[in-house]
1. Just flag the chymotrypsin sites (Phe, Trp or Tyr not before Pro) in region B:296-400 sitting in loop per DSSP whose Cβ has no more than 12 other Cβ atoms within 10 Å.
2. Indicate the helices, whole DSSP H runs only, in chain B that combine a mean Kyte-Doolittle hydropathy of -1.0 or more with a Cα extent along their long axis of 27 angstrom or more.
3. With a 1.4 Å probe and all protein chains in place, put B:V413, B:V310 in order of accessible area, largest first.
4. Per residue of chain B, what 222 nm ellipticity follows from adding -39500 (n - 2.57) for every DSSP H run with n ≥ 4, rounded to the nearest 500?
5. Can you pull the accessible area of A:F148 for me, 1.4 Å probe, Å² to the nearest 10?
6. Starting with the highest mean, order B:8-18, A:39-49, B:42-52 by the number of other Cβ atoms within 10 Å, averaged over the residues of each peptide.
7. For a quick check: with amide H placed at 1.01 Å from N, whose amide H comes under 5 Å from B:E318's, ignoring anything fewer than 5 positions away on the same chain?
8. Please label the shape of the protein assembly as shown as rounded, prolate or oblate, based on the square roots a ≥ b ≥ c of the eigenvalues of the alpha-carbon gyration tensor (a/c under 1.5 means rounded; beyond that, a/b larger than b/c means prolate, else oblate).
Amino acid sequence: MALLEIKNLHAEVDGKKILNGIDLTVEKGQLHAIMGPNGSGKSTLSYVLAGKPGYTVTEGEVLLDGENLLAMEPDERAAKGVFLAFQYPLEIPGVASMTFLRTALNAQRKRRGQPELSTPEFIKRVREVAGKLEIEQEMLRRAVNVGFSGGEKKRNEILQMTLLEPRLAILDETDSGLDIDALRVVADGVNRQRAPERSMIVITHYQRLLNYIVPDVVHVLSKGRVVKTGGKDLAHELEARGYAQYQDEAAA
Amino acid sequence: MNVEVKPMKTAAELALANTFAAVRDRLPGGGPVAALRESAFRSFDAHGLPHRRIEEWKYTDLRALMREAKPLAAPPDAAAKARAKAAPCPIGDVECRRIVFVNGAFVPELSDLGALEKGLTIDSMAAALAKGDPLITQHLGKVVASDDAALALNTALMGDGALVHVAAGAVVDRPLHLAFIGPDKAASVFARSLIVIEKGARAMLIESHEGADADYQVNAALELVVGDEAHVDHVKLIGEGAKALHVSTLLAAIGAHARFNTFTFTTGGAVVRNQMFIRFDGAETVAGIRGATLLQKRQHADTTLIADHVAVGCQSRELFKSVLDGDSRAVFQGKIIVRPGAQKTDAKMMTQALLLSDRAEADNKPELEIFADDVQCGHGATAGALDQNLLFYLKARGIPQKQAEALLIQSFVGEAIEGIEHAGLREILMEAVAAHLSARG
């Protein structure tokens, strides 16, 4: 069975139709890239999968391991292994990073019937991952994302992903706002997480990221539909020729 | 033709007048104290209970909220003392010297009066009033002048409380915990305390007000003198029983180059009015005036503050947070006054309300009254619901709704609690917040 099946998904925000019948299947262990021009519905798709309030599904279904994902609360989805790396990670003043990470990790472990991690185990684990992502210990002592630069926030998302070990990671424009060095650190972090049991959806506007994170499948989204699916070469073709041709196709 | 309309007295006002007439000769204190009571009662009687047309009481109409005045609580009997002894301490195992008042009366056998630190004197207010202690003559009713009606009523009927003196330069290591335990039946308590911390001394005061699930009334006042260069922390916990009416007043006069922090944590009581009249008399003092209020059901809590900057170059930070569930209502009225001589005053006041229910109400009224021209003053007020985007972020990481809400609420309240210098108390209060939130279900 495929890990994720999206069938004829229609969704709207504030009464505005954004997704107009998306079909997409992600097998276990695959990395799919979703590309497309601004406004094509890439971020909306990621929010619908994570369960953000205000995004209304009007038609179609989404199955995770054959289960109806859309019927679950966002925290249930997370416990089932869905992780969304936010395009704009939020600042949570007053909530210490370590408290946040620990609460999240233990909440998920509890749901899965696993024991909570002990404090030393947890701290060791966070330090190890943070080190690889070049996240300073000092940052972890601050409140979640407060005072972090754009790049630091993105690395913090990858830190969370690594700790939470999702089965389906959705990375929404994780490359936006990163300089080339930070991009490499983030891409390495993502690549280290690729595994036979873990699938990923990487949403990006530019092909650049896909030089570092090589996808198995590339989809082009336009006006809320998948208008083209291909291999990794499709990304190069898009870089060379732009999205214009697909925008016309979707309109037709 | 103009006819002066005198409103009819309410049942509560009549009962208070009767009570005063009946007990005035039995209340502790000689001639000067009796005169003080008499004049306070006359002042109260002329205006009656404050009501919504009195600006300072606009949001807490005591005349309407206090339908009847309960009889004065009897001194605690053995059963009341046993009950007080068995009651859990609201500050847990924080190391302190506990001084206990039951039904408003000092209970020496439940109090820890052994091995007092050098320079520390503790007495019961009733005893001090009776013997005319010089501190009483010098300070009582004079620390901060106020014509507040609730305070006048307290002065008229004050029974017992604490009289604490910390000599110049003395360091009181153990926090002093004044534990007020209310009556377990429909009765009223008028507690009055006077605390004088002399020059350069260091002390921490914890004042807790707790009680049973009875229909009782508390009117407590504390006068506090903080000398020059003294360092004083004051933490007040209002955790009265669910049916209680609690009115309390802090009157504080702060000297020069002092450090003063006060924090009020309000979780209990049906109707609470917490008023603070704080005056900065000496130059370059640094003060934090903070509070957190967590309400549910039909609770009503009013925090009214006047921070009066008289002297030059003082800094004050005012931060009040409220978290409102159910049909509860929180009121914050805060006024910073900067007198003509108080140049270089640096005062910032913020009040924030978090509404967890559509039916909850927050009334925030911050005010600045500035008569000096070289000052930095500001105020802000916010009221709103939990941020849905933050909640989604937390839930997207697997944190269930209630836990995510609790995390955000704790961080909201935590910002105010962080201002408390005592780490153990900060922890106790954060735990109390967590317990309050888990009780939300």
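The values are calculated or read from the model by the stated rules, or taken from the named source; none is laboratory data. Here the structure is a predicted model, which is why all the values come from computation and not from measurement. Reconstructed Cβ throughout: ideal geometry from the backbone, glycine too, with neighbour counts over all protein chains shown. Accessible surface areas use protein heavy atoms only, side chains included; no ligands, DNA or RNA. Shrake-Rupley method; radii C 1.70, N 1.55, O 1.52, S 1.80 Å.
1. Of the chymotrypsin sites (Phe, Trp or Tyr not before Pro), the ones in loops of region B:296-400 whose Cβ has at most 12 other Cβ atoms within 10 Å are B:F371.
2. none
3. Heavy-atom accessible area, descending, gives B:V310, B:V413.
4. After summing the helix terms and dividing by residue count, I get -7000 deg cm²/dmol.
5. That residue has around 20 Å² of solvent-accessible surface.
6. Put in order of decreasing packing, that is A:39-49, B:42-52, B:8-18.
7. The answer is B:I289, B:K348, B:M349, B:M350.
8. Since a/c reaches 1.5 and a/b is larger than b/c, the shape of the protein assembly as shown is classed as prolate.
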